[in-house]
Amino acid sequence: MKPPLNNSSALLLVDMQNDFLHPDGAYARYGATSEHIAALSAKLKPVAEAVRAAGGWIISTHFTLVPGKGGEPFIDEHLKELRPFLTNGDFAPGSFGHALIDELAPADLSVEKVAYSAFHMSRLEWMLKKAGITHLIFSGIVTNGGVSSTVRDAHVHGYPCTVLSDGCAAFDLQVHEVSIEALSGVASIATCQNIVDQCG
């Protein structure tokens with residue numbers, strides 16, 4: 001049975017940030033782009049509007065590089081190897097790059113995260129409890145990283161989860177599809193249109 005879509009439901013926009021998606025963001029400056037990721041904003045806008053109209057919450061998660069002395073960000077070694085182009089100011093709290101993309105703003109709640117999962121060392125669960133949110137609908141990037149990790153943690157914490165198969169993306173389509181298949185064991189899988197219809 002599908003959980004009702006109401007004020008106890010939330011659409012999670014996982015890392016839909018300017019530094020990942022905007023033409024002036026950190027990833028675009030380096031050329032790390034994907035047509036699948038670029039298409040997400042348009043797909044998710046009607047979903048966000050429908051969830052808002054149904055009384056649900058919009059939550060944005062924000063990958064964060066915490067600046068240390070002189071603004072030099074704390075970057076884990078594995079991330080340095082994967083994304084050597086990241087530098088001072090990228091994904092910094094309060095910056096343009098750190099913010100939710102305009103097409104999906106504003107979010108009702110936002111949470112900074114320093115790892116793949118938005119539950120790790122964050123205030124996310126505290127906010128969910130305060131807001132009375134019990135059903136999480138997942139969208140965003142990347143399917144095999146922040147989305148998968150947060151979905152699995154949500155499952156462990158006892159939240160019913162729905163993952164939008166066409167509302168998430170990865171840099172590689174096959175990786176995305178394999179990740180969606182793997183998540184079907186811990187979450188319901190739906191499309192963006194399914195959610196819009198359910199809200200209507």
Quiz item: Out of all the residues in region 1-23, which are charged (D, E, K, R) and modelled with pLDDT of 95 or more?
Solution: D15, D19
Quiz item: Being within 17 Å of V47 (Cβ to Cβ), at pLDDT 95 or above and touching a Pro at 6+ places or on another chain (Cβ under 6 Å), is that true of even one residue in region 135-147?
Solution: yes
Exercise. Being among the aliphatic types (A, V, I, L, M) and within 17 Å of the chain's Cα centre (by Cα) is the filter here, so list the residues in region 176-200 that pass it.
Key: I180, L183, A187, I189, A190, I195
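One line per residue, one yes/no per condition, for (1) under 13 Å from T61 (Cα atoms); (2) part of a helix (DSSP H, G or I):
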{"residue": "H120", "(1), (2)": "yes, no"}
{"residue": "I133", "(1), (2)": "no, no"}
{"residue": "G140", "(1), (2)": "yes, no"}
{"residue": "N144", "(1), (2)": "no, yes"}
{"residue": "R152", "(1), (2)": "no, yes"}
{"residue": "H155", "(1), (2)": "no, yes"}
{"residue": "Y159", "(1), (2)": "no, no"}
{"residue": "C168", "(1), (2)": "no, no"}
{"residue": "H176", "(1), (2)": "no, yes"}
Quiz item: How many residues does region 41-62 contain that are of a type outside the set (G, A, S) and surrounded by fewer than 21 Cβ atoms within 10 Å (Cβ to Cβ)?
Solution: 5
Practice problem: Sort out which residues of region 84-107 are surrounded by fewer than 18 Cβ atoms within 10 Å (Cβ to Cβ) and over 19 Å from the mean Cα position of the chain (by Cα), and write them in order of number. | Solution: P84, F85, T87, N88, G89
Quiz item: Here are some residues: E103, E125, E112. Which one is closer than 17 Å to A42 by Cα, modelled with pLDDT of 95 or more and among the acidic types (D, E)?
Solution: E103
Quiz item: Is there any pair linking a residue in region 169-189 that is free of Cβ contacts under 8 Å to residues at least 40 places away in the same chain to one that is surrounded by 14 or more Cβ atoms within 10 Å (Cβ to Cβ) and of a type in the set (D, E, K, R), with Cβ under 7 Å and at least six apart or on different chains, and which?
Solution: V186/R152
Quiz prompt | region 179-200: number of residues that are among the charged types (D, E, K, R) and over 24 Å from G145 (Cα atoms) | solution = 1
Quiz item: Do we have D197 as more than 21 Å from F119 (Cβ to Cβ) and not in a helix (DSSP H, G or I) here?
Solution: no
Quiz prompt | Qualifying residue in region 70-84 (condition: of a type outside the set (D, E), over 16 Å from D19 (Cβ atoms) and touching a residue at least 60 places away in the same chain (Cβ under 8 Å)) | solution = no
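Kindly check whether there is at least one residue in region 78-85 that is farther than 23 Å from T150 by Cα, in contact with a Lys or Arg (Cβ under 9 Å, 6 or more places away or on another chain) and modelled with pLDDT under 95.
Filtering region 78-85 down to residues farther than 23 Å from T150 by Cα leaves 84-85.
Within this subset, residues satisfying the condition of being in contact with a Lys or Arg (Cβ under 9 Å, 6 or more places away or on another chain) are 85.
Subset that is modelled with pLDDT under 95: 85.
Within region 78-85 (the criterion being farther than 23 Å from T150 by Cα, in contact with a Lys or Arg (Cβ under 9 Å, 6 or more places away or on another chain) and modelled with pLDDT under 95), the answer is yes, since at least one residue qualifies.
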Exercise. Tell me which residues, restricted to region 21-64, are among the aliphatic types (A, V, I, L, M) and free of Cβ contacts under 8 Å to residues at least 40 places away in the same chain.
Key: A28, A38
Quiz prompt | S110 vs. criteria assigned to a strand (DSSP E or B) and under 20 Å from the mean Cα position of the chain (by Cα) | solution = yes
Practice problem: Select from region 70-97 the residues that are closer than 19 Å to R29 by Cα and of a type in the set (A, V, I, L, M, F, W, C) and list them in ascending order. | Solution: I75, L79, L82, F85, L86, F91, A92, F96
Quiz item: Of these, A38, A28, which one is closer than 23 Å to S149 by Cα, touching a helix residue (DSSP H, G or I) at 6+ places or on another chain (Cβ under 9 Å) and surrounded by fewer than 17 Cβ atoms within 10 Å (Cβ to Cβ)?
Solution: A38
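The values are calculated or read from the model by the stated rules, or taken from the named source; none is laboratory data. From a predicted model like this one, the values you see are computed outputs, not experimental measurements. Positions of Cβ are generated from backbone atoms using ideal geometry, with glycine treated the same way; all protein chains shown enter the neighbour counts.
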